[in-house]
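Visitor: Got a structure here, written out as structure tokens. Questions coming.
The values are calculated or read from the model by the stated rules, or taken from the named source; none is laboratory data. No experiment lies behind these values; they were computed from the predicted model shown. Using ideal geometry, Cβ is built from the backbone for each residue, glycine included, and neighbour counts are taken over all protein chains shown.
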């Protein structure tokens, strides 16, 4: 039997960018951290490896010369911890503006921005009492609005932790979607009990709270997330692209998406930002994929 003719598959790669606050609360400054040498502290070291690198990622030609500078944030779905983004805005205003500009350009291109909000202090929401849970969501939304000049459609949950109360709080504040691990799904109506890689990644599902609140849940592609985070997929953009093509041809689904820590793109995997930039060009020049984001796909 011949394979069906496929339209370009929607591709969403989500990066969760976060660092815990390192400031001394007495002086609101980060003390010198010897383990981060030659940088003053780990914020600066990771910023240089990752946050700045992804705003100005280099694409090299076969002579090793810079051919193009790419703002990766324009093409991936992303969230930044509010406390981290505050630090970037204070000390690296140009990169901060590139992050905001990337969201604005994706909004213009897709009708929905790449950026989503985050629970403000990265607390594990199901472990909070109801008042603190709602406070974390509201603070995250308000911080997002102040920076990106729009209301967030989605919200990143710390460690993707969720329960019925969290769903109700998100629905109350009109958050449309969340991103979850496939190992968090116990069962899907009509499909029965599922686990891990058997959970469909190619469509969102409605999840309901204790009081009837509803949000859409996207369960990310677990094997792809693992290959990016732990399998050194970012060492070869050509191989990464071919792996995506293989998933596309095997599953024949309209969407491929996954989510990882954003720091994998340049910090945990050196030069991972450059692999992402190279992948971006391969997507643009190829016929297999189109970059999208969760808001656009949900619409």
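Visitor: Are any residues in the stretch 238-252 in contact with a strand residue (DSSP E or B) (Cβ under 8 Å, 6 or more places away or on another chain) and either assigned to a loop (DSSP other than H, G, I, E, B) or closer than 15 Å to residue 228 by Cα (or both), and if so, which ones? Can you show your working first?
Guide: Just the residues of the stretch 238-252 that are in contact with a strand residue (DSSP E or B) (Cβ under 8 Å, 6 or more places away or on another chain), to begin with: 244, 247-248.
Hits for the stretch 238-252 are 244, 247.
Visitor: Any residue that is over 25 Å from residue 206 (Cβ atoms), in contact with a helix residue (DSSP H, G or I) (Cβ under 9 Å, 6 or more places away or on another chain) and surrounded by 15 or more Cβ atoms within 10 Å (Cβ to Cβ) - is there at least one of those in the stretch 219-228?
Guide: Yes, because at least one residue in the stretch 219-228 is over 25 Å from residue 206 (Cβ atoms), in contact with a helix residue (DSSP H, G or I) (Cβ under 9 Å, 6 or more places away or on another chain) and surrounded by 15 or more Cβ atoms within 10 Å (Cβ to Cβ).
Visitor: For residue 192, all conditions in the list (1) in contact with a helix residue (DSSP H, G or I) (Cβ under 8 Å, 6 or more places away or on another chain); (2) more than 26 Å from residue 121 (Cα to Cα) hold save one; what is the number of the exception?
Guide: (1)
Rundown of residues vs (1) crowded, with 20+ Cβ neighbours inside 10 Å; (2) at pLDDT 95 or above; (3) part of a helix (DSSP H, G or I), yes/no style:
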site: 87; (1), (2), (3): yes, yes, yes
site: 97; (1), (2), (3): no, yes, yes
site: 101; (1), (2), (3): no, yes, yes
site: 106; (1), (2), (3): yes, yes, yes
site: 113; (1), (2), (3): yes, yes, no
site: 133; (1), (2), (3): yes, yes, yes
site: 137; (1), (2), (3): yes, yes, yes
site: 142; (1), (2), (3): no, yes, yes
site: 145; (1), (2), (3): no, yes, yes
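Visitor: So, one more: Please specify each residue of the stretch 9-31 satisfying the condition of being over 21 Å from residue 47 (Cβ atoms) and touching a helix residue (DSSP H, G or I) at 6+ places or on another chain (Cβ under 9 Å).
Guide: Those that are over 21 Å from residue 47 (Cβ atoms) and touching a helix residue (DSSP H, G or I) at 6+ places or on another chain (Cβ under 9 Å): 9, 10, 11, 12.
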